[in-house]
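Visitor: For reference, the structure I am asking about is given below.
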Number of protein chains: 2
Amino acid sequence: MASRRYAVGVDFGTESGRAVLVDVADGREVATATYEYSHGVIDEFLPLGERKVRLAPDWALQDPDDYIRTFRSTVPAVLRQSGVDPASVIGVGIDFTACTMLPVLADGTPLCRLDEFRASPHAWVKLWKHHAAQPEADRINEAAERLGQPWLPRYGGKISSEWFFSKALQILDEAPEIYAAADRLIEAADWVVWQLTGHETRNSCTAGYKAIWSKQDGFPESDYFAALDPRLRNIVDEKMSRQIASVGERAGDLSAQAAGWTGLRAGTAVAVANVDAHVSVPAATVTEPGRMVAVMGTSICHLVLGPSSREVEGMCGVVEDGIIPGLFGYEAGQSAVGDIFGWFVDHGVPPEYHALAARQDLDIHALLEQEAAKLAPGESGLLALDWWNGNRSILVDVDLTGLILGMTLATRAPDIYRALIEATAFGTRLIVDSFNAAGVAVNEIVACGGLAQRNELLMQIYADATGLEIPVAASSQTPALGSAMFGAVAAGRLAGGYDSIVDAAHKMARLADVRYRPDPDRARVYDQLYAEYRTLHDYFGRGANDVMKRLKGIRTDALGAGG
Amino acid sequence: MASRRYAVGVDFGTESGRAVLVDVADGREVATATYEYSHGVIDEFLPLGERKVRLAPDWALQDPDDYIRTFRSTVPAVLRQSGVDPASVIGVGIDFTACTMLPVLADGTPLCRLDEFRASPHAWVKLWKHHAAQPEADRINEAAERLGQPWLPRYGGKISSEWFFSKALQILDEAPEIYAAADRLIEAADWVVWQLTGHETRNSCTAGYKAIWSKQDGFPESDYFAALDPRLRNIVDEKMSRQIASVGERAGDLSAQAAGWTGLRAGTAVAVANVDAHVSVPAATVTEPGRMVAVMGTSICHLVLGPSSREVEGMCGVVEDGIIPGLFGYEAGQSAVGDIFGWFVDHGVPPEYHALAARQDLDIHALLEQEAAKLAPGESGLLALDWWNGNRSILVDVDLTGLILGMTLATRAPDIYRALIEATAFGTRLIVDSFNAAGVAVNEIVACGGLAQRNELLMQIYADATGLEIPVAASSQTPALGSAMFGAVAAGRLAGGYDSIVDAAHKMARLADVRYRPDPDRARVYDQLYAEYRTLHDYFGRGANDVMKRLKGIRTDALGAGG
């Protein structure tokens, strides 16, 4: 067994980090360990003990030392559990939520570690779901349109408040002293790789999808940044880097310090950083055009590979080398999916079904799935628009809201539960249609993530509603597996790894035995319902009736008048 | 006190009958008694003991002997409770649900009392909510349109499956032997008056609103009936009567037999029959044009008086002398109001609010009203269409269904509860607008019924949303009070009663102290929301997008395929 080689993937999530130790030969997940961040999501007070520094609404921060603690806790744990010799671990990869970014000194020290800045919220890590930079995003979009910036169509015509420059500009607006003190503004993904290797690298995935970079054109020009704020003119050269490494490259070797944290050997190969959704693509066996990966959880991220750059309506971004080197990676998304079902079970299901679930010893989701599965397509008489958290793709409009139509006095909770699932399935179909219409082929959907693992009815409805076959990734932790795969690629074939992520995927990634196939009869009914969905989608989403936005405006006025 | 005079009103409801004994001088309700029908609503099996005769879906029957038992139980009870001398009771009036009808022999004997017909469902009383005659209603409407019947516009362009000829035609279709054996087909309202007086009369209210009669033109012509079925050609002359007595007239004197049942004196004046909603109008103080009466419960019935006949979009009917002699009575309606709130608390409110209601010792409706009252108009961000049971006025379309729009992950049950109330208020405003647009003035709404008595938030929202003042009737049993008032009119002034229902209303009907007045700020927000409601109402209700009907069609197909 001397020839067995392993790789470690570390997946940094919203509430915790997870390491998995993987057999490089076949992708077998040998050991897993997780670390719950000691400060979790910081959205009320900074973690300063006695001292109370309250955060404004929509803020969401993290403590970078939780990432270090993740390395120190989880990697030794998987080594211990597996009994694997650190010498046979050939590579490490990491993936992260994004855009999750922080200001640091030239040596990588986070500003929030410094006494002088510790009580300043802007010195901490801004988590992906920090939503307080909307005014900055609005200015970024307004200026981009005004100045006819050529990169805007690559992002579906709109930059999100979650993305890098929105967050950076908020720091400048609200805490110019932090902006000035920051030698670097950096994605947390790249920062943790820096902590492993001892030197800074920046990855093509977050640069491309979150920071308006492209391999062809680089970052937006200085004049554009200056139009936002003169102090921002040289942000790229002053606070970032124009050196962007492609995912799949080797960032460097594990430092002695990081070897001490992890128990791995110094010199172990470290992969360029990656993003949780995107790194799942090869872990779900996809390294070629034609097969969409749907990462299905509270939201859905849709990832497709193409040989060239096309303008796809409503996509989140297209990035060369963004997912698989040599291909253009397309990203689209539905901003609430599992979240809608969660909302419904928490806020729309009467006691009767909770009691029934308890009697049958079922989770309330499982009970509703069981009841909804008794209905034929169309039997509920309901149709919904899945816009509880706005619409990311293909309308790119956060001000859209949810709709349910068709209720009668006979409507029951399982009817609504099923209609909500169907609505999200139609949302995915519309995204598939949008890709196909733009010439980016989607012939199959490979599903991964929690919903894909757990919810059979939902998966069958997605197959029936899209008319596509839906295989499911074998791994229940595709991000960590994908990171380990990139770790094996960073090591390279000569060290017992692989020369490319395509090779790694062939050996290390697998599909589960289950494959959801559309049923022709059900698909026919869903074709009818989808036509109705599209009509409503266009009526409410494309300006024929902007009632949803006007209601939001009236609501804002009402809250203002009351407050 | 020898001069005190009393009248008795008996209100025949869906589940029970109720008598009230009223002081003729001032309308004071001295005593009340109710009788729960021993057979209630018969909708599964005929009440034949061992023998099982099952009813088809949508059937709803009653036992006419329950009406006799109501007289025998409740009238003696109010005399006993009050200690009033039967000699000082000068008149009796009754009101009934409608159209509630039955086949009888020439002497008034219900066919269902005869052994040979007792096991035949069609021999029993068809209750107003018997909905199995839709195919017959479709034929009636189709023939009316084809033959250009002039009376169709008086009924909003559509005859309901609940109405007299739909039910009569169903008897002929499905049980021609019952149709043949029936010497008379008669409203239960008129039948109970017949039982009191010993001779048949027919009232202008049910004839006008339910049996296509008008003072001007009488019933539809024989050729029309023959077009439906040749055997129906002479239905009016063979099974009904062209002698229609106006409400407010005296039907006759109490018979010796009925005196025995009730404890009243033989010869007591008996009023022509009336309908529960319509008889509430003078009991709510309204005997003149300009003031709409809204009878607010599971549904809302809107009643308005006018000096002439106008075509009002979507009304249920206009009948000369139908409510107040000498005036045209207009009826419109919303087919589900309280029913929608009932549906929501039963099927859409999570355990959290039920628990909160229990802790605060509140009814769940009261708890939701309390929470919804904390919201400003527009704050929920929601808008609904109140079509859970179709739309009666003004669209006259049973195939429309409910809609809620504006949901986000932050939407909670009180938001939805308030939006549902607002939607029904907008439905009423649209009906008010329709009357005003047709030249039938509505300057104020007088509310009565359970919702008006109980739900303050709802009433204030109706005032704010319609921009009209809403006084509330003092009586919580306006139908029974109204019937007693008509009893006093049947007795006449010389006997200590009144010569007209207008005089009776001046003395006997009162408003409660509460009067809901629109708040200008809230009304301004509701003007905005109502404009949005109208846009959606017209989009989904007037053919621009018939998605609701298509979903019903798809649902029917789905159920058919599954069954």
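The values are calculated or read from the model by the stated rules, or taken from the named source; none is laboratory data. Remember, it's a predicted structure, so these values are computed and weren't measured experimentally. Here the Cβ is made from the backbone with ideal geometry for all residues, glycine too, and neighbour counts use every protein chain on show. Surface accessibility is based on the protein's heavy atoms, side chains included, excluding ligands, DNA and RNA. Shrake-Rupley method; radii C 1.70, N 1.55, O 1.52, S 1.80 Å.
Yes or no, residue by residue, for (1) under 30 Å from A:T401 (Cα atoms); (2) touching a residue at least 24 places away in the same chain (Cβ under 8 Å):
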position: B:G290; (1), (2): no, yes
position: B:M296; (1), (2): no, yes
position: B:G329; (1), (2): no, yes
position: B:V349; (1), (2): yes, yes
position: B:A366; (1), (2): yes, no
position: B:E371; (1), (2): yes, yes
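Visitor: Now, a different point. Would you list the strands (runs of 3 or more DSSP E) that sit entirely within region A:1-98 and hold 1 or more residues that are surrounded by fewer than 15 Cβ atoms within 10 Å (Cβ to Cβ)? It would help to see each step written out before you state the result.
Guide: Working: elements: A:6-12, A:16-23, A:29-36, A:89-96.
Answer list for region A:1-98: A:29-36.
Visitor: Is it the case that B:A355 is open to solvent by 40 Å² or more (accessible area, probe 1.4 Å), within 13 Å of another protein chain (Cβ to nearest Cβ) and not basic (K, R)?
Guide: So B:A355 passes the test.
Visitor: Further question on the same structure: Being in contact (Cβ under 8 Å) with a residue 60 or more places away in the chain and either more than 9 Å from chain B (Cβ to nearest Cβ) or open to solvent by less than 50 Å² (accessible area, probe 1.4 Å) (or both) is the filter here, so list the residues in region A:549-563 that pass it. Steps first, answer last, please.
Guide: Narrowing region A:549-563 to residues in contact (Cβ under 8 Å) with a residue 60 or more places away in the chain: A:549, A:551-552.
Across region A:549-563, the qualifying residues are A:K549, A:L551.
Visitor: Let me ask you something else. Look through region A:358-378, keep the residues that are assigned to a loop (DSSP other than H, G, I, E, B) and either open to solvent by 40 Å² or more (accessible area, probe 1.4 Å) or basic (K, R) (or both), and return whichever of them is nearest to the other protein chains (Cβ to nearest Cβ).
Guide: Taking region A:358-378 and keeping what is assigned to a loop (DSSP other than H, G, I, E, B), we get A:360-363, A:373-378.
If we keep only those that are either open to solvent by 40 Å² or more (accessible area, probe 1.4 Å) or basic (K, R) (or both) too, we end up with A:360-363, A:373-374.
Details: A:Q360: 17, A:D361: 18, A:L362: 16, A:D363: 15, A:A373: 13, A:K374: 9 Å.
Here the answer is A:K374.
Yes/no matrix, rows are residues, columns are (1) open to solvent by 10 Å² or more (accessible area, probe 1.4 Å); (2) more than 24 Å from A:E15 (Cβ to Cβ):
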site: A:K126; (1), (2): no, no
site: A:A133; (1), (2): no, no
site: A:N141; (1), (2): yes, yes
site: A:L152; (1), (2): yes, yes
site: A:G156; (1), (2): yes, yes
site: A:W163; (1), (2): yes, no
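Visitor: OK, next. For residues in region A:182-196 being assigned to a helix (DSSP H, G or I), touching a helix residue (DSSP H, G or I) at 6+ places or on another chain (Cβ under 8 Å) and open to solvent by less than 10 Å² (accessible area, probe 1.4 Å), which is farthest from A:T14 (Cα to Cα)? Break it down into steps so the answer makes sense when it comes.
Guide: Here is the first cut: in region A:182-196, the residues assigned to a helix (DSSP H, G or I) are A:188-196.
Retained after the next criterion (residues that are touching a helix residue (DSSP H, G or I) at 6+ places or on another chain (Cβ under 8 Å)): A:188-192, A:195-196.
Then drop every residue that is not open to solvent by less than 10 Å² (accessible area, probe 1.4 Å), which leaves A:188-192, A:196.
On the way: A:A188: 12, A:A189: 13, A:D190: 16, A:W191: 16, A:V192: 15, A:L196: 20 Å.
Among those residues, the one meeting the criterion is A:L196.
Visitor: Test A:L468 against the stated conditions and say whether it is touching a strand residue (DSSP E or B) at 6+ places or on another chain (Cβ under 7 Å), at pLDDT 95 or above, open to solvent by less than 10 Å² (accessible area, probe 1.4 Å) and of a type outside the set (G, A, S).
Guide: Values: touching a strand residue (DSSP E or B) at 6+ places or on another chain (Cβ under 7 Å): yes; at pLDDT 95 or above: yes; open to solvent by less than 10 Å² (accessible area, probe 1.4 Å): no; of a type outside the set (G, A, S): yes.
In short, no.
Visitor: Please count how many residues of region B:333-352 are more than 7 Å from chain A (Cβ to nearest Cβ), out of contact with any helix residue (DSSP H, G or I) (no Cβ under 7 Å at 6 or more places or on another chain) and not polar (S, T, N, Q). Walk me through how you get there before you give the answer.
Guide: Filtering region B:333-352 for residues more than 7 Å from chain A (Cβ to nearest Cβ) gives B:333-335, B:337-338, B:340-342, B:344-345, B:352.
Narrowing the set further to residues that are out of contact with any helix residue (DSSP H, G or I) (no Cβ under 7 Å at 6 or more places or on another chain) leaves B:333, B:335, B:342, B:352.
Now drop any that are not not polar (S, T, N, Q), which leaves B:333, B:342, B:352.
Total satisfying the criteria: 3.
Visitor: Filter region B:387-410 for residues that are in a loop (DSSP other than H, G, I, E, B), open to solvent by 10 Å² or more (accessible area, probe 1.4 Å) and within 8 Å of chain A (Cβ to nearest Cβ) and give the result.
Guide: Correct list: B:N389, B:T408, B:L409.
Visitor: Residue pairs, Cβ under 8 Å, 6 or more apart or interchain, first in region A:169-181 and part of a helix (DSSP H, G or I), second at pLDDT 95 or above and aromatic (F, W, Y). List them.
Guide: A:I171/A:Y179; A:L172/A:Y179; A:I178/A:F117; A:A181/A:F117
Visitor: Of the conditions (1) open to solvent by less than 20 Å² (accessible area, probe 1.4 Å); (2) under 21 Å from A:I470 (Cβ atoms); (3) of a type outside the set (V, I, T); (4) more than 14 Å from chain B (Cβ to nearest Cβ), A:G317 fails just one. Which one is it?
Guide: (2)
Visitor: How many residues are part of a loop (DSSP other than H, G, I, E, B), open to solvent by 30 Å² or more (accessible area, probe 1.4 Å) and polar (S, T, N, Q) if we restrict to region A:238-270? Before the answer, list the steps.
Guide: As a first pass, look at region A:238-270 and keep what is part of a loop (DSSP other than H, G, I, E, B): A:240-244, A:246-249, A:254-255, A:263-268.
From what's left, open to solvent by 30 Å² or more (accessible area, probe 1.4 Å): A:242-244, A:249, A:263, A:265-267.
Adding the requirement that they be polar (S, T, N, Q) leaves A:243.
Total meeting the criteria: 1.
Visitor: Search region A:513-535 for residues being open to solvent by 70 Å² or more (accessible area, probe 1.4 Å) and away from chain B (no Cβ under 12 Å), and hand back the single one that is farthest from A:L468 (Cα to Cα).
Guide: Filtering region A:513-535 down to residues open to solvent by 70 Å² or more (accessible area, probe 1.4 Å) leaves A:513, A:515, A:517, A:520-522, A:524, A:527-528, A:534.
Checking which are away from chain B (no Cβ under 12 Å) leaves us with A:513, A:515, A:517, A:520.
Values: A:D513: 17, A:R515: 11, A:R517: 7, A:P520: 11 Å.
Of everything passing the filter in region A:513-535, A:D513 is farthest from A:L468 (Cα to Cα).
Visitor: Between B:D503, B:D546, which is within 14 Å of chain A (Cβ to nearest Cβ) and either open to solvent by less than 20 Å² (accessible area, probe 1.4 Å) or farther than 22 Å from B:T466 by Cβ (or both)?
Guide: On the way: B:D503 fails: within 14 Å of chain A (Cβ to nearest Cβ).
Among B:D503, B:D546, only B:D546 is within 14 Å of chain A (Cβ to nearest Cβ) and either open to solvent by less than 20 Å² (accessible area, probe 1.4 Å) or farther than 22 Å from B:T466 by Cβ (or both).
Visitor: Here's another thing I want to ask about it. Considering only region A:37-55, state which residues are free of Cβ contacts under 8 Å to residues at least 12 places away in the same chain and within 21 Å of A:T100 (Cα to Cα).
Guide: Once the filter is applied, which keeps residues that are free of Cβ contacts under 8 Å to residues at least 12 places away in the same chain and within 21 Å of A:T100 (Cα to Cα), region A:37-55 yields A:E44, A:F45, A:R54.
Visitor: Quick one: is A:I461 in a helix (DSSP H, G or I), within 12 Å of chain B (Cβ to nearest Cβ) and either within 22 Å of A:R291 (Cβ to Cβ) or without any contact (Cβ under 8 Å) to a residue 24 or more places away in the chain (or both)?
Guide: Details: in a helix (DSSP H, G or I): yes; within 12 Å of chain B (Cβ to nearest Cβ): no; either within 22 Å of A:R291 (Cβ to Cβ) or without any contact (Cβ under 8 Å) to a residue 24 or more places away in the chain (or both): yes.
For A:I461, the condition - in a helix (DSSP H, G or I), within 12 Å of chain B (Cβ to nearest Cβ) and either within 22 Å of A:R291 (Cβ to Cβ) or without any contact (Cβ under 8 Å) to a residue 24 or more places away in the chain (or both) - is not met.
Visitor: Can you tell me which residue among A:A441, A:A474, A:A480 is open to solvent by less than 10 Å² (accessible area, probe 1.4 Å) and modelled with pLDDT of 95 or more? Explain how you work it out, then say what you get.
Guide: On the way: A:A441 fails: open to solvent by less than 10 Å² (accessible area, probe 1.4 Å); A:A474 fails: open to solvent by less than 10 Å² (accessible area, probe 1.4 Å).
After applying the criteria, what remains is A:A480.
Visitor: For region A:99-137, name all the residues that are under 24 Å from A:F225 (Cα atoms), in contact with a Pro (Cβ under 8 Å, 6 or more places away or on another chain) and assigned to a strand (DSSP E or B).
Guide: A:L102, A:P103, A:V104, A:V125
Visitor: Please verify whether region B:433-450 includes one or more residues that are assigned to a helix (DSSP H, G or I) and either farther than 30 Å from B:T535 by Cα or touching a Cys at 6+ places or on another chain (Cβ under 8 Å) (or both).
Guide: The first filter runs over region B:433-450 and keeps only residues assigned to a helix (DSSP H, G or I), leaving B:433-437, B:450.
After this cut, where a residue has to be either farther than 30 Å from B:T535 by Cα or touching a Cys at 6+ places or on another chain (Cβ under 8 Å) (or both) as well, the list is B:450.
Yes - at least one qualifying residue is present in region B:433-450.
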